[in-house]
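The values are calculated or read from the model by the stated rules, or taken from the named source; none is laboratory data. In this text the structure is predicted, and so the values were computed from the model without any measurement. Cβ placement follows ideal geometry from the backbone for every residue including glycine, while neighbour counts extend to all protein chains displayed.
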Amino acid sequence: MQTPLTVMDFLRRAETVYGDRIGIVDEPLQPAESWGDLTYRRVAELARAQAAGLDRLGIGPGERVAIVSHNSARLMTSLYGVSGHGRILVPVNFRLRAEEVAYIVEHSGASALLVDPELDEALAGVPVKHRFVLGAESDAQLYDFDREPV
C-alpha cells in the first residue's frame with residue numbers, strides 16, 4: 001500500500017507522540033518578539049491558529065503567502081500553517097533588494113506578505129493585498145485560536 005506523505009504528517013505525528021517535547025527553540029535576540037521554546041503541541045496549535053486566521057482574512061486554498069524572514073519560529077510554523085492547510089508558502093531570501101522582493105511577490109501572485117520587523121522599512125513599497133510585520137501585533141491579527149481552520 002502506498003500512502004502519500006504530506007506536510008502535516010510530520011507535525012501530526014510529532015504532536016501525538018512527542019507533544020510535550022521541545023520542537024522549536026526561537027532565538028531570544030531577534031527583531032520580532034521571541035516565542036521562546038515551543039513544544040510540538042504548541043507548534044501544531046500555532047499552525048492551526050494561523051490557518052484559521054488566513055481563512056478569516058479570506059486567503060483561501062491555493063493562494064500564495066510570501067514571507068521574508070530570518071530563521072525563526074514564525075517562519076517554521078508558517079510552513080505548517082500555510083502549506084499544511086492548502087495554501088502555498090513563498091519563502092523569499094531576506095538578503096534581496098526591495099525591487100527583487102517585489103518582483104517575486106508579484107510574479108508568485110502572493111496575496112499576503114509576512115515581513116521581519118528589521119526589513120519593514122526597506123520593503124514598505126512592496127505592493128500586496130495583505131501585509132504583516134512579524135511580531136506581537138501581527139500575531140493578534142494572523143492567529144485565530146477561537147476556531148478550527150477550514
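Tell me, yes or no, whether segment 79-86 has at least one residue that is of a type outside the set (S, T, N, Q), part of a loop (DSSP other than H, G, I, E, B) and more than 15 Å from A122 (Cβ to Cβ). Explain how you work it out, then say what you get.
Of the residues in segment 79-86, the ones of a type outside the set (S, T, N, Q) are 79-82, 84-86.
Remaining after also requiring part of a loop (DSSP other than H, G, I, E, B): 82, 86.
Next cut, more than 15 Å from A122 (Cβ to Cβ) only: 82, 86.
The answer is yes; a qualifying residue exists.
So which residues in segment 1-21 are surrounded by 11 or more Cβ atoms within 10 Å (Cβ to Cβ), free of Cβ contacts under 8 Å to residues at least 24 places away in the same chain and under 19 Å from G86 (Cα atoms)?
Hits for segment 1-21 are D9, F10, R13.
Just to be sure I understand, how many residues within segment 95-139 are touching a strand residue (DSSP E or B) at 6+ places or on another chain (Cβ under 7 Å) and either assigned to a helix (DSSP H, G or I) or at pLDDT below 95 (or both)? Break it down stepwise before answering.
So in segment 95-139, the residues touching a strand residue (DSSP E or B) at 6+ places or on another chain (Cβ under 7 Å) come out as 101, 104-105, 108-117, 119-120, 123, 126, 128-134, 138.
From the residues that got through so far, the ones that are either assigned to a helix (DSSP H, G or I) or at pLDDT below 95 (or both) too are 101, 104-105, 108, 117, 119, 138.
Counting residues in segment 95-139 that are touching a strand residue (DSSP E or B) at 6+ places or on another chain (Cβ under 7 Å) and either assigned to a helix (DSSP H, G or I) or at pLDDT below 95 (or both) gives 7.
Across segment 70-94, what is the total count of residues that are touching a Phe, Trp or Tyr at 6+ places or on another chain (Cβ under 7 Å) and either at pLDDT below 95 or at positive phi (or both)? Even if it seems obvious, please write down each step before you answer.
Filtering segment 70-94 down to residues touching a Phe, Trp or Tyr at 6+ places or on another chain (Cβ under 7 Å) leaves 70, 73.
Within this subset, residues satisfying the condition of being either at pLDDT below 95 or at positive phi (or both) are 70.
Going through segment 70-94 one residue at a time, the tally reaches 1.
For segment 33-52, check the following and say yes or no: at least one residue is assigned to a loop (DSSP other than H, G, I, E, B), within 17 Å of the chain's Cα centre (by Cα) and crowded, with 17+ Cβ neighbours inside 10 Å.
Restricting attention to segment 33-52, the residues satisfying the condition of being assigned to a loop (DSSP other than H, G, I, E, B) are 33-36.
Adding the requirement that they be within 17 Å of the chain's Cα centre (by Cα) leaves 33-36.
Next, only the ones that are crowded, with 17+ Cβ neighbours inside 10 Å stay: 35.
Yes, because at least one residue in segment 33-52 is assigned to a loop (DSSP other than H, G, I, E, B), within 17 Å of the chain's Cα centre (by Cα) and crowded, with 17+ Cβ neighbours inside 10 Å.
Just to check your reading of the model, which residue among S78, S72 is out of contact with any helix residue (DSSP H, G or I) (no Cβ under 8 Å at 6 or more places or on another chain), surrounded by 15 or more Cβ atoms within 10 Å (Cβ to Cβ), closer than 17 Å to L134 by Cβ and among the hydroxyl-bearing types (S, T, Y)? Break it down into steps so the answer makes sense when it comes.
Working: S78 fails: out of contact with any helix residue (DSSP H, G or I) (no Cβ under 8 Å at 6 or more places or on another chain).
Unique residue meeting the criteria: S72.
Name the pairs whose Cβ atoms lie under 6 Å apart, with the first residue in segment 75-103 and in contact (Cβ under 8 Å) with a residue 60 or more places away in the chain, the second surrounded by fewer than 18 Cβ atoms within 10 Å (Cβ to Cβ) and among the basic types (K, R), and 6 or more positions between them or separate chains?
Every condition considered, no pair remains.
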